[in-house]
Amino acid sequence: MGTAGALPLAFPPVPLAFPIRSIATLVPSRGALGHAVRTTMAALLALHLAYALQLESPQTAAVTVLIVSHPMSGAVIAKSVWRIAGTLVGAAAALALMAGFGQSPEAFLLLYSLWLAGCVALATRLRRFRSYAAVLAGYTLALVALGAVDDPLRTFDIAAARVAAIVVGVLAKMTVSGIVWPVTAAQRLDSRVGRVTAAVTGALARDLTGAVAPGPYRDLLAELQGLDDLATYAAVESVAFRRQADGARIAAAALFGLLARVDAARRALAVLPAAGPLLACLTPLGAGDGPAFRVAAAAARRRLRAALRLARRAANPASIAAAHQLGEMLDLMVQVAVARDPTRRLSFTLPEPADGPLGSAIIAALRTLISVGLAAGFWVATEWPAGTIMVSWTSAFGALLASRANPEQVSVQVFRAAVWAGLLALPITFLALPALSEFWGLSLVLAPVILVAALMSQRPGRGDFGAFMPLLFLTLVAPTNPMSYDLQGFLNAFAAIVLAAVWILLTYRLILPVDGRGEVRRLLGSFTASVRTLAGGAAPPADIAAWEYRHHHRLARLAAWGGRGDDRALATARARMDVGRALIAMRALLPALAPQDRRRGDAVMRALGRLVEEPARLAAFARRAGRRLEVAAADADGTRRHGLLDLAAWCRQLAG
């Protein structure tokens, strides 16, 4: 037999190491295990306290623990406070709406849908746990009011019971988080600041000195957003951590600014290569070497001042613009160094970040109206006894997913979590619990499910499943004292929750799917609107850094869309921020100019604002405007000459 028909003698290698590596990836880290244990202990403690206080729905206390659960103590405190606030607002709205429209179901459902949509729109425009409070205020109305739809007089009792259960859950979680293996944000903050600073300065040094064009910095922007969040948690934990937290937030803001300026800095270094010592500041800054950085920064400052004097004597706007731009880069580096030095007093303040795009908020509200409308219409048409549960969970799912960057994928995880929660709850409720009569037995049954789910919530790709599944599981088991075993009621509740997940899935998949390009377009539009506001003569902010900080959240959100957008979107956003910074600097120069020069400068800025979405035309106009300003400066002297040259320099910078 020839070799052409022979079987190969070399078989593919058997991947013996694969099972070992797979098992190793299943072993949780110490931090993940500690978080899961704390969550499980707090949930059982909340359930026990709810039993002892004879609350009407003790499972709500345990569910509250799962909702406010977070590895960081500061995050638990912040989320707990905002959860209580949102619940109180939602409960008050439920009482008002039921009092006015309790006898008119159609009007009640319409007004409730509008209330929920408004809360979702508000949540989409807010950040962190204030966003969650707005979401909670929306769907709490359904959990309170729909539970009393057959007996409106019980609305106050249901609201009071829910608030009491949530307070018990919050106190239980805060107590356990503060006693059992407590993990504070302050413990991780310094190392996180050092790691992120080193990553940002390393990327800047590589891209500003190499021939490779700057990248989108998606991962770095996400890291900076996470650092800002971590600093917020640390500030909540204790007043003693406030200086550390403020320093971390200022460092994150300055690092954001450095990344946002990378395109302009690259152009400036090409015009003013004598400013090379500025790049020497990046290495000690990233290494956290304060003395070496101060020496390098002082040398760079002297070099930049000398270059600026020479450029003004030579009336060279391009070099003036480059010196200004590199000077801003150095100022931001100094901010990072000062913020990281615990012996230095902070003099920087950070404003509130800008809201999310209004268009995104409107679309999120519309999706909520559609999904809740489908559920409510199905309930009214079928008169299903479990329809209130379906509408309530449709509201909760829709509100919680509205502000997520990937709601379509999360809706799939929600559906899976609903199915698995029912499959687990059915045998436990009707086979295991009837054989138990003590709380310790109930704890042994519930603890493994909560523990495993808490571990899954920390694993990439399984986080949403792990977060939703125990909530739905405890809702279906509904442990009370004494227990009531109603198979028909259980199956109805299970079907209602699954159907609620189906409505959400249909809304995001078929009816009003997420448009990633549209989201990118709306985010870029928010940058444009901000720049045009500056160009239109609005009072400029106190400084460029304050205006820029308000846009960091939008920049991070733009980066979070990843494959949905493209890398050009981040470059476009950075370019529009360059225009905004130039307009702020130019407007600050106008008061020192003569009236005719102020009018000329104002006309230039208005034109730049109109052209911000057309980079080629903006560059051409800025180039022409810069030349005209240079001609005017040649006939001027003193302060007026310097002002006109600076205006021309900013125009030259925008011309590229």
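When residues in the stretch 221-235 are screened for being without any contact (Cβ under 8 Å) to a residue 60 or more places away in the chain, surrounded by 22 or more Cβ atoms within 10 Å (Cβ to Cβ) and either over 16 Å from Pro71 (Cβ atoms) or not assigned by TED's automatic domain parsing to the domain that holds Arg195 (or both), 0 of them pass.
For the stretch 416-439, check the following and say yes or no: at least one residue is among the basic types (Lys, Arg), at pLDDT below 85, under 26 Å from the mean Cα position of the chain (by Cα) and surrounded by fewer than 17 Cβ atoms within 10 Å (Cβ to Cβ).
Going through the stretch 416-439, the residues among the basic types (Lys, Arg) turn out to be 416.
From what is left, the residues that are at pLDDT below 85 are none.
No.
Sub-8 Å Cβ pairs linking a first residue in the stretch 140-156 that is of a type in the set (Ser, Thr, Tyr) and crowded, with 17+ Cβ neighbours inside 10 Å to a second residue that is modelled with pLDDT under 75 and in a helix (DSSP H, G or I), at least 6 apart or interchain, are Thr155/Ala148, ordered by first then second residue.
Collect the residues in the stretch 608-626 that are in a helix (DSSP H, G or I), in contact (Cβ under 8 Å) with a residue 24 or more places away in the chain and out of contact with any Lys or Arg (no Cβ under 6 Å at 6 or more places or on another chain), keeping them in residue-number order. First the steps, then the outcome.
The first filter runs over the stretch 608-626 and keeps only residues in a helix (DSSP H, G or I), leaving 608-610, 615-626.
So of that shortlist, the ones also in contact (Cβ under 8 Å) with a residue 24 or more places away in the chain come out as 608-610, 615, 618-620, 622-623, 625-626.
Leu608, Arg610, Pro615, Leu618, Ala619, Ala620, Ala622, Arg623, Ala625, listed by residue number.
Can you give me the number of residues within the stretch 84-99 that are buried (at least 19 other Cβ atoms within 10 Å of the Cβ), over 15 Å from Leu153 (Cβ atoms) and without any contact (Cβ under 8 Å) to a residue 60 or more places away in the chain? Result for the stretch 84-99: 3.
Residue pairs whose Cβ atoms lie under 9 Å apart, sitting 6 or more positions apart in sequence or on different chains, and linking a residue in the stretch 489-515 that is of a type in the set (Gly, Ala, Ser) to a partner that is surrounded by fewer than 16 Cβ atoms within 10 Å (Cβ to Cβ) and part of a loop (DSSP other than H, G, I, E, B), are Gly489/Pro385. Screening Ile179 with (1) buried (at least 21 other Cβ atoms within 10 Å of the Cβ); (2) at pLDDT 75 or above gives one miss only, at (1).
Return yes or no: is Arg550 basic (Lys, Arg), in contact with a helix residue (DSSP H, G or I) (Cβ under 7 Å, 6 or more places away or on another chain), modelled with pLDDT under 85 and not assigned by TED's automatic domain parsing to the domain that holds Ile362? Give the derivation first.
Numbers: basic (Lys, Arg): yes; in contact with a helix residue (DSSP H, G or I) (Cβ under 7 Å, 6 or more places away or on another chain): no; modelled with pLDDT under 85: yes; not assigned by TED's automatic domain parsing to the domain that holds Ile362: yes.
Criteria not met by Arg550.
Scanning the stretch 29-54 for residues that are crowded, with 18+ Cβ neighbours inside 10 Å and at pLDDT below 85 returns a single hit, His35. Of the residues Arg640, Arg624, the single one that is closer than 17 Å to Pro317 by Cα, exposed (fewer than 15 other Cβ atoms within 10 Å of the Cβ) and not assigned by TED's automatic domain parsing to the domain that holds Leu326 is Arg624. Criterion first (aliphatic (A, V, I, L, M) and more than 35 Å from the chain's Cα centre (by Cα)) does Ala323 satisfy it? Answer is no for this residue. Residues considered: Thr201, Thr209, Thr197, Thr232. Of these, the only one that is over 30 Å from Arg568 (Cβ atoms), in contact with a helix residue (DSSP H, G or I) (Cβ under 7 Å, 6 or more places away or on another chain) and either of a type in the set (Ser, Thr, Tyr) or at pLDDT 80 or above (or both) is Thr232.
Would you confirm whether any residue within the stretch 255-266 is surrounded by fewer than 19 Cβ atoms within 10 Å (Cβ to Cβ) and more than 25 Å from Asp190 (Cβ to Cβ)? Outline the logic, then answer.
Taking the stretch 255-266 as the starting set, the residues that turn out to be surrounded by fewer than 19 Cβ atoms within 10 Å (Cβ to Cβ) are 263, 266.
This time we only want the ones that are more than 25 Å from Asp190 (Cβ to Cβ), so: 263, 266.
Yes: one or more hits.
Against the criterion of being closer than 25 Å to Val144 by Cβ and of a type in the set (Phe, Trp, Tyr), Trp379 qualifies. Among the conditions (1) β-branched (Val, Ile, Thr); (2) under 18 Å from Gly489 (Cα atoms); (3) buried (at least 24 other Cβ atoms within 10 Å of the Cβ), the only one that Thr382 does not satisfy is (3). Where helices (runs of 4 or more DSSP H) fall entirely within the stretch 240-333, those with at least 2 residues that are free of Cβ contacts under 8 Å to residues at least 24 places away in the same chain are at 290-313.
Do we have Ala501 as in contact with a Ser or Thr (Cβ under 8 Å, 6 or more places away or on another chain) and not aromatic (Phe, Trp, Tyr) here? Spelling it out, Ala501 is indeed in contact with a Ser or Thr (Cβ under 8 Å, 6 or more places away or on another chain) and not aromatic (Phe, Trp, Tyr). For first residues located in the stretch 114-139 and within 18 Å of Thr232 (Cβ to Cβ), partners that are part of a helix (DSSP H, G or I) and of a type in the set (Asp, Glu) and lie 6+ apart or on another chain with Cβ distances below 8 Å form the pairs Arg128/Asp229.
The values are calculated or read from the model by the stated rules, or taken from the named source; none is laboratory data. Nothing here was measured: the structure is a model prediction, and the numbers come from that model. Because the Cβ atoms are built from the backbone with ideal geometry, glycine has one as well, and the counts that use them run over all protein chains shown.
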